[in-house]
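Shown below is the structure under consideration.
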Amino acid sequence: MGYLEDDRVDAFAPSTSNGDDGRHPPLVHRGYWARTAAVRALTNAFASSVDARETFNVVNVGCGYDTIGLYVLDRHSNARVVELDHEAVATTRRRKMSEAEKKARGDAYAVVGCDIRDVEALRRAFDELPRVFDWSAPTLVIAECVLAYLPPGKSVDVVKFFGDRARRGAFVAYDPIEPDDAFGRQMMRNVESRGCAFAGIRDAPTVDGVRERFLANGWRRAVALDMNETYARLDPVERARVERIERFDEFEEWTLIMSHYCVSYGVNDDVSDGFLVDFNL
């Protein structure tokens, strides 16, 4: 439809065979674009902070069939990407990648089966990588709509696991928030009816709570923005282009939906050498 360019979408999420063309209301399409654009913008900002002669890591936690890791590798020859998810998802993801792409990526790319709810399993996953993972290298962690699905308390464990190790790095997250107002209660019922509850949303149920989760668990500074504020910070030229694709007039509903999702990032920067000092959306 023109929202995003991504040549790998069909490989990882092919069109359905039941006649469903995968279309949603325009508000949903624009919301997905805003989420992806924000994560890409922060990923590019991180990569731009790294000296081109230095290798940097990207860890995609709960990767599913997302393509952000390959997006990074397409643009940055000094990147190394680790994708983490349950073994069944990791196996399917590896199978869907072409042999040519696997060969081209070499040891710069790894898909690892791991129960991210278990910190010990996370530790073992990194210890057992074919190539030693260098935690001293700049490291970007991405958890896109993942932390809220974890059991209560587990999102804190994940944030702390990476905060304790990525001393020159950032953690970018996208999650639902505000589960207790009228819209939030309906949002919770909707996901529960599909058998995938936001079990851990109350670990950090507000913008302030999301920011504090980083600061209390190994990250030196943190930013959290609801999606209304995030959208306002995206490239205005791109916003104008996207707003012409599908027009709508349900602006009150749009604002309400966007106030219940949040982009956040924790940062471990080094003021002495300027690394990540200007890392912002």
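Computed from the coordinates by the stated procedures, all read-outs in this text should not be read as laboratory data. In this text the structure is predicted, and so the values were computed from the model without any measurement. No Cβ is skipped: glycine too gets one built from the backbone with ideal geometry, and neighbour counts run over all protein chains shown.
Cα centroid distance between the range 68-97 and the range 173-209, in Å?
The distance from the Cα centre of the range 68-97 to that of the range 173-209 comes to 27 Å.
If you wrap a convex hull around the C-alpha atoms of the range 21-268 and split its volume per residue, what is the figure in Å³?
139 Å³
Going by how many other beta carbons lie within 10 Å of each one, how would you line up VAL81, VAL159, fewest first?
VAL81, VAL159
Where the only charges are on Cβ atoms (+1 Lys, Arg; -1 Asp, Glu), what is the dipole of the range 21-268 about its Cα centre, to the nearest 20 debye?
Magnitude of the dipole: close to 700 debye.
Would you mind telling me which residue in ALA90, ALA199, ALA100 has the biggest mean-square fluctuation in a Gaussian network model of the chain, where springs connect alpha carbons within a distance under 10 angstrom?
ALA100
Which one, ALA108, VAL146, PHE171, projects farthest toward the positive side of the charge dipole computed for the range 101-188 from Cβ point charges (K/R +1, D/E -1)?
ALA108
Of all the stretches in the chain, which is the longest one without any exposed loop site, taking GluC sites (Glu not before Pro) in a DSSP loop (any state but H, G, I, E, B) with at most 13 other Cβ atoms within 10 Å?
129-249
Quick one: if the Förster radius is 25 Å, what FRET efficiency do LEU4 and ARG247 give, using the C-beta to C-beta distance and rounding to 0.05?
0.85
Can I ask one more? Can you bin the range 22-168 into rounded, prolate or oblate? Criterion: square roots of the alpha carbon gyration tensor eigenvalues sorted a ≥ b ≥ c, rounded for a/c under 1.5, prolate for a/b above b/c, oblate for the rest.
The shape class here is rounded.
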